[in-house]
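Participant: What follows is a single structure, and I will ask about it in a moment.
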Amino acid sequence: MKVEFYGHVRQYQNIKTEIDANINKVLMSGKYVMGPMLDQFEKELAAYTGMKYAIGVGNGTDALWLTMMALGIGPGDEVITHPNTFFATAEAAWVVGATVVFVDCDPKTKCIDPKLIAAAITPRTKAILPVHLYGQCADMPAIWKIAEKHKLHVIEDNAQGIDADGGAFKQGDRSAAVCTSFIIQKNLGCFGDGGAIYTNCPEINAKVRKLRNHGSDKRDHHSFGFNSRLDDLQAGVLSAKLKHLRSYSDARIKWAARYTAGLKGVKAITLPTVVPGYRHVFHLYVVETKNPAKRDAMVKFLVDNGVDAKTHYSIAIHKQEGYPWGKQARIAGSVANAEYNAAACVSLPMFPELTAEEVDYTIAKVLEWDKANA
Ligand SMILES: *Cc1c(COP(=O)(O)O)cnc(C)c1O
């Protein structure tokens, strides 16, 4: 049996008529950039997230740095995050010339450990950049408390966690903005690149709207800006998919529960932790090998047996070639948990359109590996 890691084509086939209808509507409108479909999708996304404003941009990385730029974050300023995330989280801060300060992740959730943030704050700190890693919200109440005490902005990197919440809190409640990505493999994915910022702050909304469009909100009038817009065709795809997002997340949660039940006896690997009360939407189902030295062998075993396992992310950001040691980055304290996560992580196939047979086959292969390596 072959188990793919993503189900993009299955998803398209299931709602082809809805997607095709929106694409056709955009094509026949003749308005492909900053047209009515973008406007419609932005309104739908704002309503869905419960935020006042949603702004479509070119991709998730741009969403992050456009927000930082709108907040006036730049050279000399520090942004606190953790190093076991996708490179773009830190890259976005580097784009605006800010310095990234890394603290460790929580050993269980893999999201930023709020207990370590206070000690990393300096007079230059401007923002905390938590990531809802793998689809589970960071400990936002603790992060907001620190941010409010030290008067820091909170920018949530929600590229992996759209539709997740903390039960008692929702994303963005007390943050400057939430930034998300719509690249195809994300939980709400378009047919190319896309991203969005949602916020309750009218100043951020107004600034980002201009920055993404050559500094213009009025024909022929410009200030400093860029070109980072969400195309209307992509907005049409996203508008069609947004109506299904809740059920897509529910399917991910169902497959994650099936993995966790099927794998509960394992000895050589650790299963993901869901914080009680949180809605973890499982962008990724990531297990860890208790012996990181065996991780690559586990991935190879699964791939050799037809299960397209991957790693997210096997090289922590501070270990990347080209990491700007010195001026634009520093590590505050130990980041041993993040390094362990990088060394031990194995992602199992996860997408809403998986079948029970595929999940059960994957479970059987993981159990086989576990038994041989316990
Ligand atoms: C995907 C991702 C991004 C970047 O999104 P792009 O749309 O690819 O620019 C940023 N942060 C995290 C955590 C991501 O997973």
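Participant: Would you work out the charge dipole size for the chain about its Cα centre, treating the Cβ of every Lys and Arg as +1 and the Cβ of every Asp and Glu as -1, and quote it to the nearest 20 debye? Mind showing how you got there, number by number?
Facilitator: On the way: 44 positive and 39 negative charges, 95 e Å.
With Lys and Arg at +1 and Asp and Glu at -1, about 460 debye.
Participant: How many percent of Cα pairs in segment 245-373 exceed 22 Å?
Facilitator: Details: 3410 of 8256 pairs.
Value for segment 245-373 (Cα pairs over 22 Å): 41 percent.
Participant: Next question. Can you compute the label reach from THR122? Point 7 Å from Cα along the Cβ direction, backbone N cut-off under 14 Å, restricted to segment 57-89.
Facilitator: Inside the label zone: 75-81.
Participant: For segment 226-374, what is the relative contact order in percent, using Cα pairs closer than 8 Å and at least 6 residues apart in sequence? Could you put the intermediate results ahead of the total?
Facilitator: On the way: 151 pairs, mean separation 52.1, N = 149.
Once normalised by length, the contact order is 35 percent.
Participant: Continuing with the same structure: When we measure straight from the Cα of LYS264, which lysines land under 28 angstrom away, once same-chain ones fewer than 8 places off are left out?
Facilitator: Reachable lysines: LYS2, LYS108, LYS110, LYS186, LYS254, LYS290, LYS294, LYS300, LYS310, LYS365, LYS371.
Participant: Give the percent of DSSP beta bridges with both residues in the chain that are antiparallel, rounded to the nearest 5.
Facilitator: Details: 21 of 38 bridges.
If we restrict to bridges inside the chain, about 55 percent are antiparallel.
Participant: Less than 13 Å Cβ to Cβ from GLU148, Lys/Arg counted +1 and Asp/Glu -1: what total charge do the surrounding residues give?
Facilitator: Details: positive: LYS145, LYS149, LYS151, ARG174; negative: ASP173.
After counting each charged neighbour, the total is +3.
Participant: Mind checking segment 278-368 for chymotrypsin sites (Phe, Trp or Tyr not before Pro) that DSSP puts in a loop (not H, G, I, E or B) and that have at most 10 other Cβ atoms within 10 Å? Can you show the working numbers first?
Facilitator: Working: sites: TYR278, PHE282, TYR285, PHE301, TYR313, TRP325, TYR340, TYR361; in loops: TYR278, PHE282, TYR313, TRP325.
Sites meeting the loop and neighbour criteria: TRP325.
Participant: Moving on to the next point. Could you check how many percent of all C-alpha pairs in the chain are farther apart than 28 Å?
Facilitator: 45
Participant: Which value in nm describes the separation of the simple spin-label points at GLN40 and HIS244, placed 7 Å from the Cα toward the beta carbon?
Facilitator: 1.7
Participant: Mind ranking VAL335, VAL95 by accessible surface for me, highest first, 1.4 Å probe?
Facilitator: Details: VAL335 10, VAL95 80 Å².
Final ranking, largest accessible area leading: VAL95, VAL335.
Participant: Next question, about the same structure. Quickly rank 148-161, 35-48 as a protection proxy: mean count of other C-beta atoms within 10 Å, highest first.
Facilitator: On the way: 148-161: 21.7, 35-48: 18.6.
Ranked from most to least packed, the peptides come out as 148-161, 35-48.
Participant: Considering the options ALA196, VAL307, ALA235, tell which one lies farthest towards the positive end of the dipole of the chain, charges being +1 on Lys and Arg and -1 on Asp and Glu at the Cβ, about the Cα centre.
Facilitator: Among ALA196, VAL307, ALA235, the one farthest towards the positive end of the dipole of the chain is ALA196.
Participant: Write down the accessible area per residue of the chain in Å², having rolled a 1.4 Å probe over the full set of protein chains.
Facilitator: Per residue, the chain has an accessible area of 41 Å².
Participant: While we're here: Return the lysines within reach of LYS31: Cα separation strictly under 24 angstrom, same-chain partners fewer than 8 residues apart disregarded; answer none if there are no such residues.
Facilitator: Straight-distance partners of LYS31: LYS16, LYS43, LYS207, LYS210, LYS218, LYS241, LYS243.
Participant: Measuring from centroid to centroid over Cα atoms, what is the spacing of segment 268-326 and segment 3-56 in Å?
Facilitator: So the separation of the two Cα centres works out to 30 Å.
Participant: Ignoring any ligand, DNA or RNA, what whole percent of the accessible area of the chain comes from carbon and sulfur when the probe is 1.4 angstrom?
Facilitator: Working: 8660 of 15440 Å².
After summing per-atom areas, the C and S share lands at 56 percent.
Participant: Can you give the local net charge around GLY72? Use residues other than it whose beta-carbon is closer than 10 angstrom to its beta-carbon, Lys and Arg +1, Asp and Glu -1.
Facilitator: On the way: positive: LYS126, LYS207; negative: ASP77.
That sum, taken over residues with Cβ under 10 Å, equals +1.
Participant: Hey, with R₀ at 22 Å, roughly what FRET efficiency would VAL9 and ASP304 work out to, going by the Cβ-Cβ distance, to 0.05?
Facilitator: Details: r = 24 Å, r/R0 = 1.09.
For R0 = 22 Å, the calculated efficiency reads 0.35.
Participant: Report the local net charge at ILE183: Lys and Arg +1, Asp and Glu -1, summed over other residues whose C-beta lies under 12 Å from its C-beta.
Facilitator: Working: positive: LYS186; negative: ASP62, ASP193.
It works out to a net charge of -1.
The values are calculated or read from the model by the stated rules, or taken from the named source; none is laboratory data. Please read all numbers here as calculations on a predicted model, not as lab measurements. We place every Cβ from the backbone using ideal geometry, glycine too, and count neighbours over all the protein chains shown. Surface accessibility is based on the protein's heavy atoms, side chains included, excluding ligands, DNA and RNA. Shrake-Rupley method; radii C 1.70, N 1.55, O 1.52, S 1.80 Å.
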